[in-house]
Amino acid sequence: MTEPVLSIRDLSVSFRTHTGVVRAVDKVSFDVYPGETLGVVGESGSGKSVTMLSLLGLIPPTARFDISGQALFKGRDLLQLPPKELREIRGRDIALVPQDPMTCLDPLFTVGNQVGEAVRAHQRMPKRALRRRVVELLGLVGFPQPERQYDRYPHQYSGGMRQRAMIAMGIANDPSLIIADEPTTALDVTIQAQIMEVLKAAQREAHASLVLITHDLGLIAEMADRVVVMYAGHVVEAGRVETIFQEPRHPYTLGLMGSLPQAGGNDRWLRPIPGTPPDPMRPPPGCPFHPRCLLARGRGICRTALPALEQIGMADHLSACHFRDEVAQETPTLLSQAAEIT
Amino acid sequence: MADLVVPEGDNAVAAPGDPSRLRGLRTLLRNKSAVIGIAILLLFTFLAVAAPLLTPYDPAKQALESAFQRPSAAHPLGTDNLGRDILARIMYGGRYTLMIGILAVSLATVVGVPLGLVSGYFGGWVDMVIQRVADIMLSFNPFLLALLLVAVLGVGLQSVIIAAGIGVVPQFIRLARGQALAVREEIYVQAADSFGASRASILWRHIARNSLTPIVVFATLNIGLTILIAAGLGFLGLGVQPPASEWGTMLGEGREYIFYAAYTSAFPGLAIFLVVLGFNLAGDGLRDALDPSLRA
């Protein structure tokens, strides 16, 4: 296989708070390959956003935190770079499309001006060339009359339009990696599909890899080539999207599937995962998922040992479960048990 | 690309020619006290500028034979101990007062605001140093601080402007720092950070401009304060020197005759009161007009 664009190894991020240390990300490792779309799934607080923000040095400076591990991007460890060099990489090599487009644009400047700011952050060019480039970018993200949109202010834009503008800013410098952090969460369902189309087109245009952070499995199924499933700061399963959806090998992934509504399915009830995610301040010993896991059945090893992320049969399918082989045969039972609990 | 096109409905969010700027002006003009304040200021500005056309008297020329005349048709506000027309002196003196107020506050803004913004945005040891200096300055009353500066700089118009301006600098530092701290947390600042804009450009483009509204209001309100400081210095004989007819200086000169000819100090005092009131009313109105959260 080709060299990965981004290679994360044993990344841990912990926050020091007044009441104790929170391990938000715990020894996470995964790769992002050129041109692919990698979905990072997990519920709120699973560490998926913190993982990506910590790479870019974008964790608010007011937070007290410790990072360890390695994140190789084009042969350089992002975690070791001084802030100034990281700033040069941000937006030029790695772009971030934010979660909430409503507040991402400064109300005092025209949208064109702000997209221009993104270009100018990394390229010097004369005013007229800059304007031409911005208009071109606005056209790329699907504005029908980009020239007219240039001089408008953010308050004249709808949420979807603002997200398009943010994507235009993201691809302004042809990055090799785009990180989209829940890019459609704040938008209407009808706009979501359009925005994902724009994001895909932008990715193609820039020949970039896309890391799509989301809790929406539907989006993952549509967009991603590979998936990383995170739970309580750990990667619990990773693999190609078809594999993950057809043959999940971790009870948490299975639980996520079970809690999805299915169009035309004959099941009347959704099957939520019982319980709630662990308190990050006091993670359970052993496997972080065992208190909610239907496969653990009180077995000692789940409570005492953290399962390693290991390969299963097929290439690049990884699961962190002591009983990963049981998941397959027990899938129907597990799903029906979940149904009974609810 | 056809499916990527923004649908028409999405396009028509706001009509062109957005009236939000006019709305601010209208709110200001609907505010009665603000209009009164602005009217007072316009009146005094007019009197100061057009003084040579409005009065035949020279504000500095002594006419001892007509000293201490009570208000009359010839001298509407009377004459002082040296026979100078008080109305003329107040009109010409307005030039000093308005100039001192505006220049001193400009100085305070130009010095204090950048320091405060840098302090709030960068934080760390820069913030630490700037804030401790501001703390020390704040521990003095603004007037006392101005008094100290005059002691160092000597008397005169220039010193008064610098002294009154520096006297209110720490308040500007604090206000700008607070603004920077708030704006720094805005998502658009984080977004600019995420696409690698430099800190200097974020500070100048986003932090500074979004902090401006309360600073403008605060500056307007502070013109009144600096005028009072300057007048206080003048009253003590440490401000603009006679024969200049700065109002505080006039007040100080009239003090000696307050039981004999109260009008020699009453009218300059009234002028100071009115102009300070004018700036405060205008400042309050400006705040109401510019702060959307106070808008009904």
For residue A:253, indicate whether it is surrounded by 24 or more Cβ atoms within 10 Å (Cβ to Cβ) and under 23 Å from residue A:289 (Cβ atoms). yes
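Report yes if residue A:220 is more than 14 Å from chain B (Cβ to nearest Cβ) and in contact (Cβ under 8 Å) with a residue 40 or more places away in the chain, otherwise no.
yes
Name the residues in segment B:84-94 that are of a type outside the set (A, V, I, L, M, F, W, C) and either under 14 Å from the mean Cα position of the chain (by Cα) or in a helix (DSSP H, G or I) (or both), would you?
The answer is B:89, B:92, B:93, B:94.
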Here is a list: B:45, B:97. Which entry is out of contact with any Leu (no Cβ under 9 Å at 6 or more places or on another chain), assigned to a helix (DSSP H, G or I), closer than 30 Å to residue B:221 by Cβ and touching a residue at least 40 places away in the same chain (Cβ under 8 Å)? B:97
Is segment A:185-197 home to any residue that is acidic (Asp, Glu), crowded, with 18+ Cβ neighbours inside 10 Å and within 14 Å of another protein chain (Cβ to nearest Cβ)? no
Do the conditions hold for residue A:277, that is, is it under 25 Å from the mean Cα position of the chain (by Cα), exposed (fewer than 10 other Cβ atoms within 10 Å of the Cβ) and either at pLDDT below 85 or within 22 Å of residue A:45 (Cα to Cα) (or both)? no
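Among the residues in segment B:176-193, are any more than 14 Å from chain A (Cβ to nearest Cβ) and crowded, with 18+ Cβ neighbours inside 10 Å?
Checked against the condition, which is being more than 14 Å from chain A (Cβ to nearest Cβ) and crowded, with 18+ Cβ neighbours inside 10 Å, segment B:176-193 yields at least one hit.
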Tell me which helices (runs of 4 or more DSSP H) are completely within segment B:198-296 and hold 1 or more residues being surrounded by 15 or more Cβ atoms within 10 Å (Cβ to Cβ) and within 23 Å of the chain's Cα centre (by Cα), or say none if there are none. B:209-235, B:247-255, B:263-290
Take residue B:86 and decide whether it is modelled with pLDDT of 80 or more, touching an Asp or Glu at 6+ places or on another chain (Cβ under 7 Å) and under 18 Å from residue B:234 (Cα atoms). yes
Note: among B:79, B:97, just one is among the β-branched types (Val, Ile, Thr), at pLDDT below 90 and either in contact with a helix residue (DSSP H, G or I) (Cβ under 6 Å, 6 or more places away or on another chain) or closer than 30 Å to residue A:61 by Cα (or both), namely B:79
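Just a yes or no: is a residue in segment A:97-104 more than 17 Å from the chain's Cα centre (by Cα) and modelled with pLDDT of 85 or more?
Looking through segment A:97-104, at least one residue is more than 17 Å from the chain's Cα centre (by Cα) and modelled with pLDDT of 85 or more.
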So for segment A:326-336 (the condition being over 17 Å from residue A:249 (Cβ atoms) and either modelled with pLDDT of 85 or more or over 26 Å from the mean Cα position of the chain (by Cα) (or both)), does at least one residue qualify? yes
Restricting to segment A:163-178, name every residue that is buried (at least 22 other Cβ atoms within 10 Å of the Cβ) and more than 9 Å from chain B (Cβ to nearest Cβ). A:163, A:165, A:167, A:168, A:171, A:175, A:177, A:178
Search result, residues across segment A:146-177 that are of a type in the set (A, V, I, L, M, F, W, C) and within 20 Å of residue A:90 (Cα to Cα): A:165, A:166, A:167, A:168, A:169, A:171, A:172, A:177
Do you know which of the residues in segment A:1-56 that are assigned to a strand (DSSP E or B) and of a type in the set (S, T, N, Q) is surrounded by the fewest Cβ atoms within 10 Å (Cβ to Cβ)? A:17
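Please verify whether residue A:202 is small (Gly, Ala, Ser), within 13 Å of chain B (Cβ to nearest Cβ) and crowded, with 24+ Cβ neighbours inside 10 Å, treating the condition exactly as stated.
Working: small (Gly, Ala, Ser): yes; within 13 Å of chain B (Cβ to nearest Cβ): yes; crowded, with 24+ Cβ neighbours inside 10 Å: yes.
For residue A:202, the condition - small (Gly, Ala, Ser), within 13 Å of chain B (Cβ to nearest Cβ) and crowded, with 24+ Cβ neighbours inside 10 Å - is met.
Residues checked against (1) surrounded by 19 or more Cβ atoms within 10 Å (Cβ to Cβ); (2) at the interface with chain B (Cβ under 7 Å from one of its Cβ atoms):
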position: A:71; (1), (2): yes, no
position: A:76; (1), (2): no, no
position: A:85; (1), (2): no, no
position: A:96; (1), (2): yes, yes
position: A:101; (1), (2): yes, no
position: A:105; (1), (2): yes, yes
position: A:108; (1), (2): no, yes
position: A:112; (1), (2): yes, no
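The values are calculated or read from the model by the stated rules, or taken from the named source; none is laboratory data. None of the values given here were measured: they were computed from a predicted structure. Positions of Cβ are generated from backbone atoms using ideal geometry, with glycine treated the same way; all protein chains shown enter the neighbour counts.
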